[in-house]
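Enquirer: Just passing along the structure, written as structure tokens.
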Amino acid sequence: MTSSMRSLNWKFSQVFGERHPGEKVEEIDIISAVEFESRGDYLATGDHGGRVVLFERTNGKDYQLRSRKELEHTDSSVTSHPLYSYKTEFQSHEIEFDYLKSLEIGEKINKLRWCASSNNSLFILSTNDRTIKLWKVSDHKVKKIIEMDSNAYISSENALLSEKSFLTDQSIQSVPNGYHLEWITKRPKSTFPTYKESPKMMFKFGECASSRCRRVYSHAHDYNINSISINSDCETFLSADDLRINMWNLEVGNQCFNIIDLKPLDMEDLVEVITSAEFHPAYCNLLAYSSSRGFIRLVDMRQSALCDQNARILQDREAHGSRSFFTEIAASISDIKFAKDGRHILTRDYMNLKLWDLHMESSPIVSFKIHEFLRPKLSELYNGDFIFDKFDCCLSRDGCHFATGTYSNTFKVFCHDGGHTDGTRLEASKNPNRVSHTQECQKNAGLLTIFARGLHWRGHENSRFDSSDCDLDSKLIHLAWHPTTNLIACATKCSLYMYHAESEHF
Amino acid sequence: MAATDEPLYPIAVLIDELKNEDIQLRLNSIRKLSTIARALGEERTRKELIPFLNENNDDDDEVLLAMAEELGVFMPYVGGVGYAHVLLPPLETLCTVEETCVRDKAVESLCRIGAQMKESDLVGWFAPLVKRLATGEWFTSRVSSCGLFHIAYPSAPDQLKAELRSIYGQLCQDDMPMVRRAAASNLGKFAATVEPSHLKTDIMSMFEDLTQDDQDSVRLLAVEGCAALGKLLESQDCIAHILPVIVNFSQDKSWRVRYMVANQLYELCEAVGSEATRIDLVPAYVRLLRDNEAEVRIAAAGKVTKFCQILSPELAIQHILPCVKELSSDSSQHVRSALASVIMGMAPILGKDATIEQLLPIFLSLLKDEFPDVRLNIISKLDQVNQVIGIDLLSQSLLPAIVELAEDRHWRVRLAIIEYIPLLASQLGVGFFDDKLGSLCMQWLEDKVFSIREAAANNLKRLAEEFGPDWAMQHIIPQVLEKINNPHYLYRMTILQAISLLAPVLGADITCQKLLPVVISLSKDRVPNIKFNVAKVLQSLVPIVGQSVVEATIRPCLIELSEDPDVDVRYFAGQALQACDQVMVSG
């Protein structure tokens, strides 16, 4: 191996909501979405109970605020990986009942997306099956009057207005009785030369995050929403359900525009559904959506208002070698992600992770097999509905490393270095590298495929499928890559594990 | 002091409410800020109330919006123009909040205050504020700053002016598309204050940047800038700089940009002014009328009349009319509908000959359109075309269209056509109406949908007004009264309603002879709903018929009804009897 390509050495970083052995997991606590904020300073998770939990980076945040001296001391290569702490949580969605259709709409969070933040407030879009909501999370500084001499006169400019001083004198005495909480503003300090803040000495500032639902985007989807994506114009976003994609303005909750409608006049004619959709990271007019048939369609919204004509179809023609009922189901794409460069798309279907170059429509530039040993067992996986599991995928900032989840609480990280297609297998636990040793035989099988592509089928048929090898109930569906550094957050049931890696050169 | 001590207690309550947990109380209090300020006096308002408001800006949007609005008219309470700058800090804070409507209101209030401020204060206070906002850390403040430059600029000294221009240039290239959008939509206002020499250099280069922005949403707004800038530039500069941009925009890759051009080309034409430029823009407009995207064609078709108004009839006939012909058979019903709603306006522009030769076939084909909205849009503008070619030519094709609409499956379509019947009647004249439309009007009285029956009754009243009582006696009354024996009580009710509407139009004689007996006979109806409606109708007839008739016919009938077993019938009969008594007294 003389490849100069970097490989990553993954280490456990943090865990939230770790499960003790034998501890029962409540359905509502299962994590259903994981998403980093665009700078990676925050991380949000959504769960089956409709809650959104936010984590805040505790180290190396806010580069602007750090002094130059401090920056000089912390050489960039030495900078420690991000660490997070719990910040706040809120109930985003509740169970609803659609009386027109006699249908219960679950509170499960399907997707989370961060909007551009402003004024130290965070904005998050969250969606369940039908309704998208825009949440604002902001820090309030809590001014606490902890101790005050009752004789002391507050000589603030605001004395008059500060504490009920219009009423009788006794109100002043009432202040020391208990501390009085008051919301005051947190604002950029340098902005106002004309106005000085009231004396701080008597106040203790604490921080408290509050969440408010700013807008609700509802009544636009007849089917379950699977994706939301914010446009690079920071003004619009899309929401996709099984058959339609709608465009919204972030400021307008009661109106949206349908841009893609796959619904045939006769539902009998339905051949595919939309499984995932995302806007191009830079071009405001491009969006990609994937289908249950394994196609990725690229749409140019400049061409027409209703984007039924796709600009491009990316379709893996090679993959249709051996067709069967099950391989067609397994071909369904569960997640697509644009790389930061905007030229590559990462997709995940049931068996593979594929990287596409938008300039090459006929096949992916590289394809990684996730759990090839399951292939002979597709019919059993179908019977247990496992074949419909929708695994996320994610990729690093440089677009060279990719990760996706699989069963047995594991996820795999791959590296695009041409021909080197077996990834690192990591278990979501405090000791992530354990599995890579125990599953040595599997790795060998993987290596075999590189050297003898044609043979691997037979090789696998011979290999035993023992369900004890693979814990189908412990699936790792949701994961996200930190936008700037090599840190992966992945969710298993109700636990959120984070792993970081420093690149090493071979 | 005594004067300010007295109202202190209520003021204290208001101030306390500014901090109340209940948002409604806070809102009320903010709405009464002027009262608070008056009570505090100018000095304390400046020194205490305003700083307090400035600190209190972490509230709900509704409260902040109200505050932004109040502060815009707060100048008298802080001591007049001389102290206007005191109001700037709280508004500056409000310019940075996340909610767009609050920021917009704060900008509006700042502009209002700035427009009254003294020149020296603008330089000393306002311009620094604009600069701070424009270089703020968060995009929200930069967005707000874009709307303030046109206030700060005129009174600034040269050096500051140059600085402001360069800051605006930076905003036009901001990383955040929201800021560039704000810069694009405010460029026209700012440009209007900039000296012509800088206009051609600085502003035009900013404008060029914006017109080439990657984000469609920015280019969209730059389209609007074309018109604003076009008005500021001299004609030859306009032709050199704005015209190529408009032509480019009309061929933009994004249909949204083309849509904007289609919507505004008419204004753009006005802006670029000269006849020659208009001729240059005709091909651009023709392209838009033939655009691939239906939305663009809809926008373009909707402006066809306005556009033709600024062209010579020859140009319109030569270039636009062929497109109109194509659009009349466009594949999109919405395009045809948009065309149908304005095409009538073209008749006066083109003149009688061209209208009959060219436009009439288009009208007729639109009148036969399979989509009801298209037909309705033509019919609704019938008076315009009548002025040019007369109704005779149209009536042949008009009638089938009307009949079809009158029987349309969708009741809203039927409703729409009923509402045009009086217009049609006045245009078509009595003769035509009697033959063709009279039976339709009767048919609607027995429609399955209540709204249609109601509209039909109203329609009869309007027809009676149009053609007079004699005509109504002949053509309406007999048919209406015939229907009174309909087995379904809801239809009988419609007739009752029609009678009560017609009576005031037809006058006492006809009412007494024809209508009243029918109403009286209905008082024996087996359905109580009919009976109490009879009572109501009788009440409405009381002022119309003479007092002797009231006493002889109406009162006995009502008395009978007032002893009805049904409580509602008794109630309304009682009401009607009271009305009779009142007339007696006043008479």
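Any read-out appearing in this document is the output of simple, stated calculations on the displayed coordinates, not a laboratory observation. What you see is a predicted model, and the numbers here were worked out from it, not measured in a lab. Glycine gets a Cβ as well: all are built from the backbone with ideal geometry, and neighbour counts include every protein chain shown.
Enquirer: How high is the relative contact order of region B:22-133? Use alpha-carbon pairs under 8 Å, at least six apart in sequence, and give a whole percent. Walk me through the intermediate numbers first.
Expert: Values: 116 pairs, mean separation 30.2, N = 112.
Reported as a whole number, the value is 27 percent.
Enquirer: Treating only the Cβ of Lys, Arg, Asp and Glu as charged (+1, +1, -1, -1), what charge dipole size does region B:441-559 show about its Cα centre? Round to the nearest 20 debye.
Expert: 440 debye
Enquirer: What is the angle, in °, between the Cα long axis of helix B:333-343 and the longest principal axis of the Cα atoms in chain B? Nearest 10 is fine, range 0 to 90.
Expert: Helix B:333-343 and the main axis of chain B meet at about 90 degrees.
Enquirer: What area, in nm² and to one decimal, does the C-alpha convex hull of region B:186-335 cast on average over all directions?
Expert: Working: hull surface 33.4 nm².
Averaging across all directions leaves 8.4 nm² for the Cα convex hull.
Enquirer: Then there is this: If you fit an axis through the alpha-carbon atoms of helix B:8-18 and take the longest principal axis of the Cα set of chain B, what angle between them do you get, 0 to 90°, nearest 10?
Expert: 90 degrees
Enquirer: Could you tell me which of B:ALA316, B:GLY345, B:VAL272 has its Cα farthest along the dipole of region B:266-382 towards the positive end, charges placed at Cβ (Lys, Arg +1; Asp, Glu -1), taken about the Cα centre?
Expert: Checking the options against the dipole of region B:266-382, the answer is B:GLY345.
Enquirer: Next question, about the same structure. Give me the dipole magnitude in Debye, nearest 20, for region B:170-273 about the Cα centre, with unit charges on the beta carbon: positive for Lys and Arg, negative for Asp and Glu.
Expert: With Lys and Arg at +1 and Asp and Glu at -1, about 260 debye.
Enquirer: While we're here: Chymotrypsin sites (Phe, Trp or Tyr not before Pro), restricted to region B:384-444: which are DSSP loop and have at most 14 other Cβ atoms within 10 Å? Walk me through the numbers on the way to the answer.
Expert: Values: sites: B:TRP411, B:TYR420, B:PHE432, B:PHE433, B:TRP444; in loops: none.
Taking region B:384-444 and a limit of 14 other Cβ atoms within 10 Å, no loop chymotrypsin sites (Phe, Trp or Tyr not before Pro) are found.
Enquirer: Listed highest first by mean packing, meaning other Cβ atoms within 10 Å per residue, what order do A:95-102, A:285-292, B:199-206 come in?
Expert: My ranking of the peptides, most packed first, is A:285-292, B:199-206, A:95-102.
Enquirer: Count the net charge of all other residues whose Cβ sits under 12 Å from the Cβ of A:ASP222, scoring Lys and Arg as +1 and Asp and Glu as -1.
Expert: -1
Enquirer: I'd like to know which of B:LEU393, B:VAL413, B:VAL403 lies farthest towards the positive end of the charge dipole of region B:370-431, counting +1 on Cβ of Lys and Arg and -1 on Cβ of Asp and Glu.
Expert: Value computed over the given set: B:VAL413.
Enquirer: Provide the net charge surrounding B:ASP470, with neighbours chosen by a C-beta distance below 15 Å and charges set as Lys +1, Arg +1, Asp -1, Glu -1.
Expert: After counting each charged neighbour, the total is -3.
Enquirer: Counting other Cβ atoms within 10 Å, keep those with at most 11, restrict to DSSP loop, and tell me which trypsin sites (Lys or Arg not before Pro) in region A:18-58 are left.
Expert: Taking region A:18-58 and a limit of 11 other Cβ atoms within 10 Å, the loop trypsin sites (Lys or Arg not before Pro) found are A:LYS24.
Enquirer: So, one more: Treat every Asp and Glu Cβ in chain B as -1 and every Lys and Arg Cβ as +1, leave all other atoms uncharged, and give the resulting dipole magnitude about the Cα centre to the nearest 20 debye.
Expert: 1060 debye
Enquirer: Averaged over its residues, how many other protein chain Cβ atoms are within 10 Å of peptide B:124-131's Cβ atoms?
Expert: That average works out to 1.
Enquirer: Calculate I(q)/I(0) for chain B by the Debye formula, one identical point scatterer on each C-alpha and no solvent, and give its log10 at q = 0.08, 0.10, 0.11 Å⁻¹ to two decimals.
Expert: Here log10 of I(q) over I(0) equals -0.87, -0.97, -0.98.
Enquirer: Step through the table entries B:LYS325/B:LYS461; A:LYS390/A:LYS430; A:LYS136/B:LYS189; A:LYS354/A:LYS377; A:LYS87/B:LYS105, compare each Cα-Cα distance with 31 Å, and write down the pairs that go over it.
Expert: Correct reply: B:LYS325/B:LYS461; A:LYS136/B:LYS189; A:LYS87/B:LYS105.
Enquirer: Can you give the mean number of other chain Cβ atoms that lie within 10 Å of the Cβ atoms in peptide B:245-256?
Expert: Numbers: counts 0, 0, 0, 0, 0, 0, 0, 1, 4, 6, 6, 4.
Going residue by residue through B:245-256 and averaging, the value is 2.
Enquirer: Count, for each residue of B:175-182, the Cβ atoms from other chains sitting within 10 Å of its Cβ, then give me the mean as a whole number. Numbers along the way, then the final one.
Expert: Numbers: counts 0, 4, 7, 5, 1, 1, 3, 0.
Per residue, the average neighbour count from other chains is 3.
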